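The values are calculated or read from the model by the stated rules, or taken from the named source; none is laboratory data. From a predicted model like this one, the values you see are computed outputs, not experimental measurements. Cβ sites come from the backbone with ideal geometry, for glycine too, and all protein chains shown count toward neighbours. We work out accessible area using only protein heavy atoms, side chains counted, and drop any ligands, DNA or RNA first. Shrake-Rupley method; radii C 1.70, N 1.55, O 1.52, S 1.80 Å.
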Amino acid sequence: MADKTDSPSGKTFTLTNDQTGDKWVLPVFDGTIGPSTIDIRTLYEETGHFTLDPSFTSTASCRSRITFIDGDEGILLHRGYNIKDLAEKSDFLEVAYALLYGDLPNKKSYEEFRKNITYHTMVHEQLQFFFRGFRRDAHPMAVMCGVVGALAAFYHDSLDISDPNQREISAHRLIAKLPTLAAMAFKYSIGQPFVYPRNDLGFAENFLHMCFAVPAEPYRVNPILADAMDKILILHADHEQNASTSTVRLAGSSQANPFACIAAGIASLWGPAHGGANQAVLEMLAEIGTKDRIPEFVQGVKDKKYRLMGFGHRVYKNFDPRAQIMKETCDKVLSELGVKDPALEIAMELERIALSDPYFIDRKLYPNVDFYSGIILKAMGFPVSMFTVLFAVARTVGWVSQWKEMMEEPSNRIGRPRQLYTGAAQRDYVKIEKRT
Ligand code: ACO
């Protein structure tokens with residue numbers, strides 16, 4: 001299907017070399033919405049220059065039809081649907097379907113998709129023994145990096161990335177098995193038996209069941225908590241070309257198998273500047289300890305001794321729309337569970353101060369999605385070490401959708417950034433005896 005993003009807009013951007021006066025006319029592409037892009041693909045060939053953008057603040061790495069963010073306005077759309085509508089009116093599997101296939105499903109396609117996903121929820125029985133090779137006190141993200149990468153050793157029949165059918169089976173397997181593996185990582189860390197998936201339960205409900213049920217007695221998942229978990233999954237499902245998604249795309253561009261690519265994404269997500277922030281928020285709140293220590297902590301942030309975790313975002317320079325929905329969900333969960341969490345009181349006071357202090361206002365630092373998600377997960381009974389794992393469960397659908405989109409792009413080539421070399425120029429080799 002041709003659209004206006006398939007061909008240059010007719011607009012151009014002229015680049016002038018100040019030394020020589022040479023000019024180059026570069027084509028400009030318009031997106032459906034959002035900033036236009038200057039096409040610099042022939043820049044090196046024509047000018048002998050690279051561009052320098054180490055943290056990709058001005059570089060579009062791909063074309064994508066999946067997710068749109070307007071960071072100044074605080075807008076997040078998946079396949080054109082507003083995140084607020086999706087979080088309030090859809091369930092996670094509907095959102096997953098839209099991310100993967102482009103539209104929200106009708107009843108029939110939803111039912112087929114649900115069947116396909118639930119068909120794959122179990123994992124190879126041998127994986128139990130693989131888990132047992134880890135120390136019980138291993139960080140569950142370390143376990144997830146290893147186990148998800150190892151799926152390629154268990155599912156040889158869906159590794160041919162040139163076959164669309166096998167790509168689809170791998171995508172379904174990853175979305176279906178991640179919750180099972182995450183629950184196994186949790187159960188292993190607390191020394192309880194693994195709980196098999198139950199396909200009669202909803203996606204989020206089944207996940208909570210695998211995490212909190214024990215074989216000795218029946219366990220009914222609280223529907224308010226299942227609903228909150230479903231919202232957490234929706235709100236973390238995809239977020240355009242962030243660090244972990246770009247990692248998945250770059251790994252996939254070399255034609256690595258999808259299990260290896262998602263393991264790479266999990267590794268990238270682990271860092272505290274990205275998915276690890278939800279764990280870091282709770283650690284920060286625990287370190288502050290009491291409300292009276294907040295001013296001293298905020299001063300430390302201003303003195304740049306540390307960062308206010310759960311605040312700030314590379315793209316959102318306004319309220320993160322996911323954070324608003326997460327805050328409402330947080331209130332519901334805490335009131336349902338009757339939790340009076342001192343961490344929450346500290347969080348609310350920090351939020352109040354940060355939103356009224358010129359240091360944070362000037363830098364456009366607003367709470368992000370992870371500021372509240374950790375508080376909900378803690379109230380549900382998850383240890384902080386599991387928070388980023390839950391993020392990975394949700395984001396798997398985004399990673400897989402972005403990987404699928406890239407693999408379907410006929411012009412897909414290996415990603416290979418260039419560099420500005422600042423090391424030594426070529427020099428003479430000196431034998432070790434003669435080196436000073
Ligand atoms: N606390 C205090 N100051 C901050 C924070 C923060 N959380 N974030 C940015 N700043 C300050 C910086 O010190 C800098 O100040 P300066 O201009 O005086 O030097 C300015 O704001 C700009 O900061 P950058 O580091 O350039 O912003 P960048 O876009 O690179 O970073 C990031 C974005 C990594 C998310 C950052 O805001 C951060 O570290 N936040 C805390 C970690 C976090 O919550 N991460 C989760 C992100 S959301 C997600 O992955 C789901």
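Quick look at the numbers
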| quantity | calculated |
| --- | --- |
| Residues satisfying the stated conditions in region 30-54, i.e. free of Cβ contacts under 8 Å to residues at least 12 places away in the same chain and closer than 19 Å to ARG314 by Cβ | PRO35, THR51, ASP53, PRO54 |
| Matching residues in region 305-318 - criterion: being crowded, with 20+ Cβ neighbours inside 10 Å and under 17 Å from PRO272 (Cβ atoms) | LEU308, MET309, GLY310, PHE311, GLY312, HIS313 |
| Yes/no for PHE382 being in contact with a Pro (Cβ under 8 Å, 6 or more places away or on another chain) and more than 11 Å from the ligand (Cβ to nearest atom) | no |
| Residues of region 211-232 satisfying the condition of being open to solvent by less than 20 Å² (accessible area, probe 1.4 Å) and either within 16 Å of the ligand (Cβ to nearest atom) or not in a loop (DSSP other than H, G, I, E, B) (or both) | CYS211, ALA226, ALA228, MET229, ILE232 |
| Total residues in region 319-365, condition within 16 Å of the ligand (Cβ to nearest atom) and open to solvent by 50 Å² or more (accessible area, probe 1.4 Å) | 10 |
| Members of region 233-276 found to be open to solvent by less than 40 Å² (accessible area, probe 1.4 Å), without any contact (Cβ under 8 Å) to a residue 60 or more places away in the chain, assigned to a helix (DSSP H, G or I) and within 16 Å of the ligand (Cβ to nearest atom), listed by number | SER268 |
| Selection count, region 415-424, where residues are open to solvent by 100 Å² or more (accessible area, probe 1.4 Å) and either under 30 Å from SER162 (Cα atoms) or outside any loop (DSSP other than H, G, I, E, B) (or both) | 2 |
| Single unsatisfied condition, GLN128 versus (1) over 19 Å from the mean Cα position of the chain (by Cα); (2) modelled with pLDDT of 95 or more | (2) |
| Some residue of region 33-42 being surrounded by 10 or more Cβ atoms within 10 Å (Cβ to Cβ), within 16 Å of the ligand (Cβ to nearest atom) and among the hydrophobic types (A, V, I, L, M, F, W, C) | no |
| Answer from PRO179, PRO193 - the residue that is modelled with pLDDT of 95 or more, in contact with a strand residue (DSSP E or B) (Cβ under 8 Å, 6 or more places away or on another chain) and not hydrophobic (A, V, I, L, M, F, W, C) | PRO193 |
| Check on LYS378, part of a loop (DSSP other than H, G, I, E, B) and more than 27 Å from GLN166 (Cβ to Cβ) | no |
| Hits in region 277-304 (condition: under 27 Å from the mean Cα position of the chain (by Cα) and either surrounded by fewer than 20 Cβ atoms within 10 Å (Cβ to Cβ) or part of a loop (DSSP other than H, G, I, E, B) (or both)) | GLU283, ALA286, GLU287, LYS304 |
| Near pairs, Cβ below 8 angstrom, 6+ apart or cross-chain, from region 57-78 (closer than 21 Å to LEU233 by Cβ) to any residue that is open to solvent by 70 Å² or more (accessible area, probe 1.4 Å) and at pLDDT 95 or above | PHE68/THR32; PHE68/ILE33 |
| Only one of ARG314, ARG307, ARG322 that is under 26 Å from MET141 (Cβ atoms) and in contact with a His (Cβ under 9 Å, 6 or more places away or on another chain) | ARG322 |
| Test: residue in region 181-188 that is in a helix (DSSP H, G or I), in contact (Cβ under 8 Å) with a residue 24 or more places away in the chain, surrounded by fewer than 20 Cβ atoms within 10 Å (Cβ to Cβ) and among the charged types (D, E, K, R) | yes |
| Failed criterion for PHE203 (all others in (1) surrounded by fewer than 17 Cβ atoms within 10 Å (Cβ to Cβ); (2) within 17 Å of VAL123 (Cα to Cα) hold) | (1) |
| Pairs, first within 11 Å of MET386 (Cβ to Cβ) in region 133-147, second aromatic (Phe, Trp, Tyr) and part of a loop (DSSP other than H, G, I, E, B), C-beta under 7 Å, six or more apart | MET141/TRP270; VAL143/PHE134 |
| Selection count where residues are β-branched (Val, Ile, Thr) and more than 8 Å from the ligand (Cβ to nearest atom), scope region 277-289 | 1 |
| Qualifying position, being of a type outside the set (Asp, Glu) and within 18 Å of ARG293 (Cα to Cα), among ALA343, ALA379 | ALA343 |
| Hits in region 378-405 (condition: among the hydrophobic types (A, V, I, L, M, F, W, C) and within 17 Å of the chain's Cα centre (by Cα)) | MET386, PHE387, VAL389, LEU390, PHE391, ALA392, VAL393, ALA394, VAL397, TRP399, VAL400, TRP403 |
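So that you can scan it fast, the table gives a plain yes or no per residue for (1) touching a residue at least 24 places away in the same chain (Cβ under 8 Å); (2) open to solvent by less than 20 Å² (accessible area, probe 1.4 Å); (3) of a type outside the set (Lys, Arg); (4) farther than 30 Å from SER162 by Cα:
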position: TRP399; (1), (2), (3), (4): yes, yes, yes, no
position: LYS404; (1), (2), (3), (4): yes, no, no, no
position: ARG413; (1), (2), (3), (4): yes, no, no, no
position: GLN426; (1), (2), (3), (4): no, no, yes, yes
position: GLU433; (1), (2), (3), (4): no, no, yes, yes
